[in-house]
Structure formats: C-alpha cells, structure tokens
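Colleague: Please read through the structure below; I'll follow up with questions.
The values are calculated or read from the model by the stated rules, or taken from the named source; none is laboratory data. Treat the numbers as computed from the prediction; the structure is a model and nothing was measured. Cβ coordinates were reconstructed from backbone atoms using ideal geometry, including for glycine residues, and neighbour counts include every protein chain displayed. These accessible areas exclude ligands, DNA and RNA; they are computed on the full protein's heavy atoms, side chains included. Shrake-Rupley method; radii C 1.70, N 1.55, O 1.52, S 1.80 Å.
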Amino acid sequence: MNRRPTLLAALALTATAALTLSACGSDDDSPSKGSDEIAGADTGGGKSASPSPSAAAPTDRPKIELPPDLKLTFEGGETGDPVKDAILADSAERMRAVDAAITGTDPKGEALAFYNTGKALEAALSWVAQFEEAGATMTGEARYYDRKVTLKNKDSATLVFCADESKGFSKDKKTNKIHKTPVTKNSYVLYNTRLDKNAEGVWQTSQIISTRGAAQCQP
C-alpha cells in the first residue's frame, strides 16, 4: 500500500514543523496530528545574527549548507557571556543541521548527529525519515527570537526561544509543488530545550519540547 500521498498531506499540514523540527522530543507536533505553517519569518524587529562557532569549538565541525530557497534567521546571538554565546550558536547549528538532513544537503546526517544526542537525536532521525518516505522536502523561512539561556551547571543548560514559522512549507520533491497553509496563532511556537556539553566541547541538544500558539510568542 502506497502511503506517500497520505504522508505528504500530513506534512503539508505541519509545514511549520518541517522547518524547525518541532516534533523532536515532544508529543504535541507529530505529523499525524498536523499544525499550521509559518508566516512572516524574518520580518520581525531586532538585529539578526548568524550562528558563530563557539570559542571552545573543535576545528573539525561539519559544514552545514542549506538550499537557496530555505532561510533560517537567529536573533540575539551575542550576550557577552562566552558560554551562553556558545550555547546559542550550537543550538542554531542544530536547527540548521536537521533541516540540512531533510533537504538533502547533508544526506549522511553528519551534522545531525554532531549537534543532537539522546531523545532529540532519536526524534530528529525519525522526523527526517518521514520526509524521505513522503518524498517531501521543505522551503521558505523561519525566524527564531527571544532566545534565553539558563545555565544549570558547567555542562548543562536550558534554552527557551520563540519561532515565527509562518513562511515555512513542505514541498513535493518530484513536482516541486509547495503545500501552503494559512497563518494562525499556531504559526508561532515556544521551544524549551536542554543542551549538554560533550567531551569535545559541543553543546548538543538532548531534549526539545514545543508549544504551538504560546501567548508569549505571538506578534
């Protein structure tokens, strides 16, 4: 039985998760449950900052490239605290790594495994596999803002942030048809993540939970 049309339809309903993998490590955003797309990603105020390597980062970090039709913007990348800045940078690379695996620019998932661990890695791999089975990829934009780091100890931290996912969509690989969905309050998502520093000094995401329609993320 060919499940591809059903899966593709489900992915179209959860286009926001397509860009940011909101399903990773959470139960509220699986493709079967559906969600809204993402609009106005990259249109909010504040100066955008590209992820920068952390001070203690190893020199052999995987290079992550995304297709030209996919843009991720991360605001507030510099706090003045080198540890917090490293966490923000590695979290941003984690989001880019997942999208690179889905869009095929990192077919082996090297960056995906580099920046994810534990439950977050398991969920990310499962999510990438669902896109592959559906013959779908992603396109559009997403903006991440109000990123706040809390250090738990020298090797563990939490990072809470919002995402404007109103301009992110799933796209059929064969036909290039973009599956657009309307912008609603659920296009804005609150992410609560945990990161743990490994022996190489990389802050890997180990858990991620999303809450769609969170009041604090609404424009």
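Colleague: Residue farthest toward the positive end of the dipole of the stretch 56-132, with Cβ of Lys/Arg at +1 and Asp/Glu at -1: which of Thr73, Leu125, Met95?
Modeller: Leu125
Colleague: Using the Cα centre as the reference, give the magnitude of the dipole from point charges on the C-beta atoms of the stretch 175-219 (Lys, Arg: +1; Asp, Glu: -1; all else neutral), rounded to the nearest 20 debye.
Modeller: Approximately 300 debye in magnitude.
Colleague: What fraction, in whole percent, of alpha-carbon pairs in the stretch 113-158 exceed 18 Å separation? Don't skip to the end; give the middle numbers.
Modeller: On the way: 606 of 1035 pairs.
Everything past 18 Å amounts to 59 percent.
Colleague: Within 10 Å of each candidate Cβ there may be at most 10 other Cβ atoms; applying that plus a DSSP loop requirement, which chymotrypsin sites (Phe, Trp or Tyr not before Pro) in the stretch 97-145 survive? Please report the intermediate quantities before stating the final value.
Modeller: Numbers: sites: Phe114, Tyr115, Trp127, Phe131, Tyr144, Tyr145; in loops: none.
Answer in residue order: no site qualifies.
Colleague: Let me ask something else about it. Would you list the P(r) distribution for the stretch 56-142, with all Cα-Cα distances sorted into 5 Å bins from 0 and each bin expressed as a whole %?
Modeller: Using 5 Å bins, I get a P(r) of 3, 14, 23, 23, 21, 10, 5, 1, 0 for the stretch 56-142.
Colleague: So what is the accessible area of the stretch 118-186 per residue, in Å², with the probe set to 1.4 Å?
Modeller: 49
Colleague: In the stretch 67-108, which GluC sites (Glu not before Pro) fall in coil by DSSP and have 14 or fewer other Cβ atoms within 10 Å?
Modeller: Glu78
Colleague: In the full protein assembly as shown, how much of Ser126 is accessible to a 1.4 Å probe, in Å² to the nearest 10?
Modeller: 60
Colleague: Give me log10 I(q)/I(0) at q = 0.10, 0.14 Å⁻¹ for the stretch 88-213, Debye formula, one equal scatterer per alpha-carbon, no solvent.
Modeller: Scattering profile of the stretch 88-213, log10 relative to I(0): -0.33, -0.64.
Colleague: Same structure again: Filter the trypsin sites (Lys or Arg not before Pro) in the stretch 70-140 down to the DSSP loop ones having no more than 15 other Cβ atoms within 10 Å, then list what survives.
Modeller: Sparse-neighbourhood loop trypsin sites (Lys or Arg not before Pro): Lys108.
Colleague: How do Asp69, Asp196, Asp99 stack up against each other in accessible area, from largest to smallest, with a 1.4 angstrom probe?
Modeller: Details: Asp69 60, Asp196 35, Asp99 0 Å².
Sorted by accessible area, descending: Asp69, Asp196, Asp99.
Colleague: Normalise the Debye intensity by I(0) for the stretch 138-203, one equal point scatterer per Cα, no solvent, then take log10 at q = 0.17, 0.21 Å⁻¹ and round to two decimals.
Modeller: -0.74, -0.86
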